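The values are calculated or read from the model by the stated rules, or taken from the named source; none is laboratory data. Just so it is clear, the structure is predicted and the values come from calculations on it, not from any experiment. Backbone-built Cβ (ideal geometry, glycine too); neighbour counts: all protein chains shown.
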């Protein structure tokens, strides 16, 4: 497939780029309100769907949409040029807010790069949460949506409400780092089951592309009420909170408990306090 000439204008048919007409002819057809009968080409807007991401306070959402050649196409999107976004990717970003809210994006289902018709293949949702005031006091995790021409037999179709919802939950996992045993947190986001319990798989799901135009996909993320240790056998839970095991010595940064439930060591909270129990600091 050759590159687009300067005089050519892409025309959409049912969301797919199927033919080209000159700019002058396109203008004339628009003036007279006529359809282009030759070749069966018609004018239609690019199709898209609404992506909504409901996130807790102090979270930011970035959506990375990846496009690939439409079924039956033998063309390829051109390679990424230095300093530019790859032609087969689109990015959508929200900002941090101090309250829980819903970020909303319009996601195109089709695009074109270097003369090659592309369709939406996957979408990666980057969730970043902030647990402190410093610039680096945050952590990321991901959710994912995949898009197909058709879904496997037995999968339900798009809801009659026009809204498909996927549930997820995020949880903060805490650990200590460095010789001063500074508390740091890692974000952990996963899908939830029918009872609202976190499961091992990433939040998200699969969707049939031709069911999406004009519809809404909601990704709803709650935040677990309790934090948990990032690694096992480093902390022991007591009624007043978690205590950091001593390990071999105060200098032992790995400090596995290994059955020792009586010897512990202090650590530093993000605000600089030296504490003995997490998250309450003091017993």
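Here are some notes:
- Any hit, the range 229-246, residues being under 23 Å from the mean Cα position of the chain (by Cα) and modelled with pLDDT of 95 or more: yes
- Counting only strands (runs of 3 or more DSSP E) that sit completely within the range 174-283, those holding 2 or more residues that are touching a strand residue (DSSP E or B) at 6+ places or on another chain (Cβ under 6 Å), touching a residue at least 12 places away in the same chain (Cβ under 8 Å) and under 30 Å from residue 143 (Cα atoms) correspond to 182-191, 204-208, 216-223.
- Those residues of the range 258-283 which are farther than 15 Å from residue 180 by Cβ and more than 36 Å from the chain's Cα centre (by Cα), in sequence order: 258, 259, 260, 261, 262, 263, 264, 282, 283
- Some residue of the range 114-130 being part of a loop (DSSP other than H, G, I, E, B), surrounded by fewer than 17 Cβ atoms within 10 Å (Cβ to Cβ), at pLDDT 90 or above and in the same structural domain as residue 60 (by TED's automatic domain parsing): no
- Residue list for the range 131-149, filter: assigned to a loop (DSSP other than H, G, I, E, B) and surrounded by 15 or more Cβ atoms within 10 Å (Cβ to Cβ): 131, 132
- Residue check, residue 80 assigned by TED's automatic domain parsing to the domain that holds residue 162, modelled with pLDDT under 95 and surrounded by fewer than 18 Cβ atoms within 10 Å (Cβ to Cβ): yes
- The listed residue being under 30 Å from residue 139 (Cβ atoms) and modelled with pLDDT under 85, out of 11, 55, 42, 85: 85
- Some residue of the range 140-148 being touching a residue at least 40 places away in the same chain (Cβ under 8 Å), in contact with a helix residue (DSSP H, G or I) (Cβ under 7 Å, 6 or more places away or on another chain) and in the same structural domain as residue 60 (by TED's automatic domain parsing): yes
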